[in-house]
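Visitor: Before anything else, here's the structure in question.
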Amino acid sequence: QVQLVESGGGLVQAGGSLRLSCVASGRIFSWYAMGWFRQAPGKEREFVAAINWSGGITDYGDSVKGRFTISRESAKNTVYLQMNSLQSEDTAVYSCAGARTADTQRAPGHYNYWGQGTQVTVSS
């Protein structure tokens, strides 16, 4: 069983930056594609970013492309989401997810493991 624990959320002013971390338990983390999703109140879950098993391929949602960067450090079983130029529309609960596949995935249904989420609030 894989468990995912996010951290790094908080309150930030518009234009600021935050880095989210997601630590995974389990030795097979390095074989999984990982992703970040977010959900704002009253809205559907939105794909943010994904990274393949090796870290060599990344994918981003259109609303964050050019501002967010996903990366992973397999030695620490950790995936990161660096968020720059934050806007009020980025306010949401951010969750990391792991998929039992090597390739990046956009659909939430393709992920097998989920963290509990961390709140990001951007004040304008």
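The values are calculated or read from the model by the stated rules, or taken from the named source; none is laboratory data. What you see is a predicted model; the values in this text were computed from it and never measured. Note that we place each Cβ from the backbone using ideal geometry, even for glycine, and neighbour counts take in every protein chain shown. Accessible surface areas use protein heavy atoms only, side chains included; no ligands, DNA or RNA. Shrake-Rupley method; radii C 1.70, N 1.55, O 1.52, S 1.80 Å.
Visitor: For region 62-111, give the percent of accessible area contributed by carbon and sulfur heavy atoms, probe 1.4 Å, rounded to a whole number.
Guide: Answer for region 62-111: carbon and sulfur cover 45 percent of the accessible area.
Visitor: Over all directions, average the projected area of the Cα convex hull of the chain and note it in nm².
Guide: 6.7
Visitor: For region 43-56, take each phi angle, set θ = phi - 60°, evaluate the Karplus expression 6.51 cos²θ - 1.76 cosθ + 1.60, and give the result in whole Hz per residue in order, putting x for glycine and proline.
Guide: 10, 6, 4, 10, 5, 10, 6, 9, 9, 7, 4, 8, x, x
Visitor: Which residue fluctuates the most in the chain, going by a Gaussian network model with Cα springs under 10 Å, if the choices are VAL23, VAL12, VAL79?
Guide: Highest fluctuation of the listed residues: VAL12.
Visitor: Do you know the relative contact order of the chain, to the nearest whole percent, from alpha carbon pairs under 8 angstrom that are 6+ apart?
Guide: Relative contact order here is 36 percent.
Visitor: If you don't mind, there's one more thing I want to ask. Work out, step by step, the length gained on full extension between ARG100 and THR69: first 0.36 nm times the residue separation, then minus their alpha carbon distance; give nm to one decimal.
Guide: Going from the current span to full extension adds 9.0 nm.
Visitor: Choose one answer from ALA49, ALA75, ALA40: the residue with the largest mean-square fluctuation in a GNM of the chain with alpha-carbon springs under 10 Å.
Guide: Result: ALA75 has the largest fluctuation of those listed.
Visitor: Is there a quick way to get the dipole size of the chain? I mean about its Cα centre, with the Cβ of Lys and Arg at +1 and of Asp and Glu at -1; what is the value in debye to the nearest 20?
Guide: It comes to approximately 240 debye.
Visitor: Same structure, new question: Could you provide, to the nearest whole Å², the per residue accessible area of the chain with probe 1.4 Å?
Guide: 51
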